[in-house]
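Read through the structure below, which is laid out as structure tokens, and then see the notes.
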Amino acid sequence: MKIGELARRSGLSAHTIRYYERIGLLPYADRNRSNQRDYDASMLIWIEFLGRLKTTGMPIRDMLRYAALRERGAGTEAERCEILVQHRERMRAHLADLQACLLVLDTKIAGYGDQKQRTKEL
């Protein structure tokens, strides 16, 4: 598929796709006879995975390291797994922080609800 279709289907802009290629997050695409990028549909799965890593806050340097290992292929599985394990632990710690913040907000909101109830009772 051409870059425009990949952009449409992935939700990334063509500029972002070219940037990801340039920095090494995406492998360089094959070129067709017109010298246009020609992407395999499997690239959509990889882009979705990169999006998940980005959404969960993985630093770009770790994403690049993971992508480089993936590109090297077999024999890098343990290193790739370790990157994901470490990221999962950071995510769990961040999630615990967010849950604590949510509890504070819920408590504060409940306090406002109690105040409205007391005002009605007066």
Segment 38-72, subset assigned to a loop (DSSP other than H, G, I, E, B) and either modelled with pLDDT of 95 or more or not hydroxyl-bearing (Ser, Thr, Tyr) (or both), residue most open to solvent (accessible area, probe 1.4 Å): ASP40
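Determine whether segment 73-92 contains at least one residue that is on the phi > 0 side of the Ramachandran plot and loosely packed, with under 11 Cβ neighbours inside 10 Å.
Filtering segment 73-92 down to residues on the phi > 0 side of the Ramachandran plot leaves 73, 75.
Subset that is loosely packed, with under 11 Cβ neighbours inside 10 Å: 73, 75.
Yes, the conditions are met somewhere in segment 73-92.
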Every pair of residues 6+ apart whose Cβ atoms lie under 6 Å, when the first sits in segment 40-61 and is aliphatic (A, V, I, L, M) while the second is assigned to a helix (DSSP H, G or I) and open to solvent by less than 60 Å² (accessible area, probe 1.4 Å): LEU44/SER10; ILE47/SER10; LEU53/MET63; MET58/HIS87
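If we scan segment 14-34, do we find a residue that is of a type in the set (Lys, Arg), within 16 Å of the chain's Cα centre (by Cα) and assigned to a helix (DSSP H, G or I)? Quick ask: steps written out before the conclusion?
Applying the first criterion (of a type in the set (Lys, Arg)) to segment 14-34 yields 18, 22, 31, 33.
Still in the list and also within 16 Å of the chain's Cα centre (by Cα): none.
For segment 14-34, residues of a type in the set (Lys, Arg), within 16 Å of the chain's Cα centre (by Cα) and assigned to a helix (DSSP H, G or I): absent.
The values are calculated or read from the model by the stated rules, or taken from the named source; none is laboratory data. Since we're looking at a predicted model, the values are computed, not measured. We place every Cβ from the backbone using ideal geometry, glycine too, and count neighbours over all the protein chains shown. Ligands, DNA and RNA are excluded from the accessible area calculation, which covers all protein heavy atoms including side chains. Shrake-Rupley method; radii C 1.70, N 1.55, O 1.52, S 1.80 Å.
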